[in-house]
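Student: My questions will all concern the structure given below.
Each reported figure results from applying straightforward, stated rules to the coordinates on display, with no laboratory input. Just so it is clear, the model here is predicted, and its values are computed rather than measured. Virtual Cβ from ideal backbone geometry, glycine too; neighbours counted across all protein chains shown.
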Amino acid sequence: DTEGLLRIKEENQKHYRRAQRHQEKKEKIQRHNRRLGELVEKKTHELKIQYEHLANLRRTHILELTSVIFPIEEVKTSMRDPADVSSESDNAMTSSTVSKLAEARRTTYLSGRWVCDDHNGDTSISITGPWITLPNNGDYSAYYSWVEEKKTTQGPDMEHNNPAHTISAALCYATQLVNTLSLILDVNLPKKLCNRQVNEFCGENLSRHRFTRAVKKLNANILHLCFSQHVNLDLLHPLHTLRNLMYLVSPDTENLGR
């Protein structure tokens with residue numbers, strides 16, 4: 001029993017010495033982890049500063065791009081509310097009729113269905129100049145009508161103020177701007193837009209199907225850029241091509257360049 005007790009004491013001493021060595025290793029590893037943690041925290045802070053610097057550079061480039069080459073702004077029209085005009089001509093008109101006229105004014109028949117648009121008829125959005133605008137409600141029926149008319153009318157088109165021309169030009173500029181923004185922001189677009197598609201708007205007369213498909217791809221890319229920059233979702237509308245772009249590149253967009 002005495003010999004067994006001595007063996008157990010020797011084993012316990014070995015275990016104790018081993019436990020001390022393990023404790024020293026543990027403390028060494030903990031010191032190493034603390035140093036690594038401090039280094040990672042320092043590098044993370046430096047990376048955050050670099051990201052902020054990069055975001056400011058991107059923001060500066062975008063604001064310069066949209067102020068010099070692709071200015072986008074809201075253009076007020078001189079149209080008067082039909083409800084106001086009608087009420088002036090008929091003093092006996094009831095308030096319900098006035099409200100119905102106002103509601104009708106905010107409603108547009110678009111692609112086989114009625115859509116509500118509070119800005120309908122009040123404003124339009126221009127790009128590169130006040131003379132190149134897009135309908136605020138996304139109604140491009142003027143382009144369709146022009147293409148159908150061109151099929152039946154021979155000879156050169158001498159109508160320089162044709163709204164179809166401004167629609168195609170505005171969409172062409174918007175496509176160029178979206179491509180440039182994707183490069184500056186380093187954001188991959190979900191729908192590929194190449195130079196051929198840029199020229200597609202300003203080149204040949206597109207059929208309704210091809211034109212609608214190209215506009216949908218452009219709108220999808222614009223919304224994707226807006227989502228990537230955390231634009232307020234309440235401001236966006238899937239049909240408002242230039243208005244969504246205007247919100248994206250606005251100086252009030254806090255996360256522009258992220």
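Student: Please list 3J(HN,Hα) in residue order for region 238-255, calculated via the Karplus relation 6.51 cos²θ - 1.76 cosθ + 1.60 where θ = phi - 60°; whole Hz, with x for glycine and proline.
Tutor: Taking θ as phi minus 60°, the curve returns x, 9, 8, 4, 6, 5, 4, 4, 5, 5, 5, 8, 5, x, 7, 6, 5, 9 Hz for region 238-255.
Student: Just report the Cα centroid separation between region 1-67 and region 205-224, whole Å.
Tutor: Centre-to-centre distance over Cα atoms comes out at 52 Å.
Student: Oh, and also: So what J values fall out for region 15-31 if you push phi through Karplus, 6.51 cos²θ - 1.76 cosθ + 1.60 with θ = phi - 60°, rounded to Hz, Gly and Pro as x?
Tutor: Along region 15-31, the couplings run 4, 5, 4, 5, 5, 5, 4, 5, 5, 5, 4, 4, 5, 5, 5, 5, 5 Hz.
Student: Round to the nearest 0.05 the FRET efficiency obtained for Leu235 and Lys42 when R0 = 41 Å and r is the Cβ-Cβ distance.
Tutor: Details: r = 38 Å, r/R0 = 0.94.
The pair Leu235/Lys42 has a calculated efficiency of 0.60.
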